[in-house]
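Student: Mind looking over this structure? Questions follow.
What follows is calculated from the coordinates using simple rules that are stated; it is not laboratory data. Just so it is clear, the structure is predicted and the values come from calculations on it, not from any experiment. Neighbour counts are summed over all protein chains in view; Cβ atoms, including those assigned to glycine, are modelled from backbone coordinates with ideal geometry.
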Amino acid sequence: MTKQKRKRKLFRVSMRAREALEGLFFVLPFIIGVAVFFAYPLFISLRLSVSQIDAIIGFRMSFVGIEHFTRAFLIDINFVPMFLIAIRNTLLQFPLTVLLALIIAVMLNKNIKGRGVFRVAIFIPFLLGTGEVMNQLLNQGVENQVLNILDGTIIPYNVLFYFGETVVMGVQNIFGMLVTVLWGSGVQVLLFLSGLQGISPALYESAKIDGATEWEMFWKITIPMISPMMLLVIIYTIADSFLDVRNPLLAYIEGFAFGPGGGQFAYSAALGWIYFSFILVVIGIVFGGMKRYIHTNEAERVKKDVSTKKKRILTIDRKRKY
Amino acid sequence: MIKIKWFRGQWLHITAGKTLMYAFMLVMVAFTSLPLIFLVNTAFKPMEELFLFPPRFFVMRPVLTNFTDLVFVVSSAAVPFTRFFFNSLFVTVSIVFLTVLVSSLGAYALVKFKPPGATAIFSIVIMALMFSPHVTRIPTYMVVNSLGLINTYWALILPNIAVAFNIFLMKQFMEQYPNELIEAARIDGAREFKIFWSLVMPSMAPAWSTLIVFTFVTNWNDFFSPLIYVTSQAMRTLPLALQVIGGGPAGMTVGRAGAVAAATLLMTIPTVITFTVMQGRVMETMVHSGIKG
């Protein structure tokens, strides 16, 4: 009897082990990729930030401690102000981007006429390029032209004169903000849209039968169901606005390595680490704060399944682990 | 609410909410189409308008000289332009295919199998989300270099496959997939890969379509990988080749600004096509099983 029991137990363990192995096998390509092209370079970069390079060939370095970090905060007069500006811009822009993207996505998800055209149009800035193409456009001065409503092309002169300078400047600032935010929100809209598509129509139908209004459904169904996507969008937006090509701080950091008079790889790496540890903290706060509100499918099913209390505890536990 | 007679005896209902919504959408669209309008306009601008100061948004006398210029530059280049196009297309399509496969498989396994260390892997993924390739650019170059990949397609493809964002995106979707379906298939005797490929993936269409669009666009427009990992002319991709048209990295030759504008316009066509094809899929509603809670 005992022997049989042991045997069964052994079998079960091996089943689990097999499953885990299979799972690991599926993740393996990703792990290798991350290890080779992310983790290892990251480690080198960390080492680089506390070292000085003795020889470019072979990349030999020797330890110098926190020299580069003290230089960044105490000697470099440009870094700290630029750092603060970058932080301010991000904190101003990201709530706006997320909010606007959500509104646009919800509208695009509705069954409205000309939906396809609207969709493609919203994504144009994203399609034209997150990188070089857009850069070229900006170099040619699109932004300034768009922002410059004062030349009388978009709004006639007499209207401008009527309102006076402060109003016009205010409108122009809003325009500028809108352009920056809208042109950078393509990915966010796309993510929200695909998240919205993941919501079962049955939820809305039953809510409607129960007499819920659109507004209630938005807050009670759409928002909770889209929360996993919301987290992704927020993280993406923060990271993206910090890492944008147009971010002057990034250009500054890169300049030490690749720019004129470059070759200061170690200092560049140190600056990068200061910057990115800050991003890490910001996103960590967001992540920690949002974790409680993230809705997963497992939890949803448990709520319905009141009868099996044990399962409930189990799944909630699993949810926590996340 | 106003009712207007529409064709075929249908009524068009106009409500305040709807009107407001359309107005809002139109304003948004007006803003977002500006870059495209500008791009198209610039491509047709004659030389004197390109350098007009202050610059104008709309073209006044549209001409085709930019495109003929482009054809001339392209036909006189040392490397045929089709090669750049092929490079771009090959690299981008390979990345898209591999990253979709790797990230969906990875996310699926991490979420549904929960192998040992899954939590640790996710922590790394989340951390990786925040680091830009900018920080690790030099060390990554060293890795690619020591693997002997410089000047090969591999150098352009491999570093862009295991992207943290991609697996995170897939993970968010995989979590919503009901475990019961997988278990049922397992009981029916389906092999693990079969479950993944013919059960999970089809209902993940919104997820991987998003991923395809996203990856295609970013990599098609990627400027830095080819700049760093590729030194030979023949291995360049389109974003770098744009510089060749412009007359080299030292700065644009004034005479070719028109050709660059035309080429920029042409370069965006594949991304627009990809998006238009895939966007229908993104909008496909995820299959919701008939499982009752």
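Student: Which residue, B:ILE150, B:ALA207, B:ALA118, has the largest displacement toward the positive end of the dipole of the stretch B:76-284 when charges sit on each Cβ (Lys, Arg +1; Asp, Glu -1)?
Tutor: In the stretch B:76-284, that residue is B:ILE150.
Student: How crowded by other chains is A:185-197, given as the mean number of beta carbons from other chains within 10 Å of each beta carbon?
Tutor: On the way: counts 2, 5, 6, 0, 2, 9, 5, 0, 5, 16, 8, 3, 12.
For this peptide, the per-residue mean of nearby foreign Cβ atoms is 6.
Student: Moving to a separate point now. Once you have a ≥ b ≥ c as the square roots of the Cα gyration tensor eigenvalues for the stretch B:76-284, tell me rounded if a/c is under 1.5, and otherwise prolate or oblate according to whether a/b is larger than b/c.
Tutor: Details: a/c = 2.70, a/b = 1.87, b/c = 1.45.
Cα axes put the stretch B:76-284 in the prolate bin.
Student: Shifting gears a bit: Taking the number of other C-beta atoms within 10 Å as the exposure measure, put B:ILE228, A:ILE274 in order starting with the fewest.
Tutor: Listing B:ILE228, A:ILE274 from fewest to most nearby Cβ atoms yields A:ILE274, B:ILE228.
Student: Take the residue pairs A:LYS220/B:LYS171; A:LYS220/B:LYS112; B:LYS18/B:LYS171; A:LYS110/B:LYS171 and return only those whose Cα atoms are more than 31 Å apart.
Tutor: B:LYS18/B:LYS171
Student: For the residues A:VAL233, B:VAL29, what sequence is obtained by ranking on other C-beta atoms within 10 Å, fewest first?
Tutor: Least to most surrounded, the residues fall as B:VAL29, A:VAL233.
Student: Something else: With unit charges on the beta carbon (Lys/Arg positive, Asp/Glu negative), name the residue among B:ASN221, B:MET278, B:VAL100 whose Cα is farthest towards the positive pole of the charge dipole of the stretch B:76-284.
Tutor: It is B:ASN221.
Student: How crowded by other chains is B:107-115, given as the mean number of beta carbons from other chains within 10 Å of each beta carbon? Before the final figure, lay out the partial values.
Tutor: Values: counts 3, 3, 10, 5, 3, 3, 10, 5, 10.
If you average over the peptide's residues, the count of other-chain Cβ atoms is 6.
Student: A follow-up question, please. For peptide B:215-225, compute the average count of partner chain beta-carbon atoms within 10 Å of each residue's beta-carbon. Write out the running numbers ahead of the final one.
Tutor: On the way: counts 0, 1, 10, 5, 1, 4, 10, 4, 6, 5, 0.
Shielding by partners across B:215-225 averages 4.
Student: Based only on other Cβ atoms within 10 Å, what is the fewest-to-most ordering of B:LYS171, A:LYS208, B:LYS18?
Tutor: So the residues, fewest neighbours to most, are A:LYS208, B:LYS18, B:LYS171.
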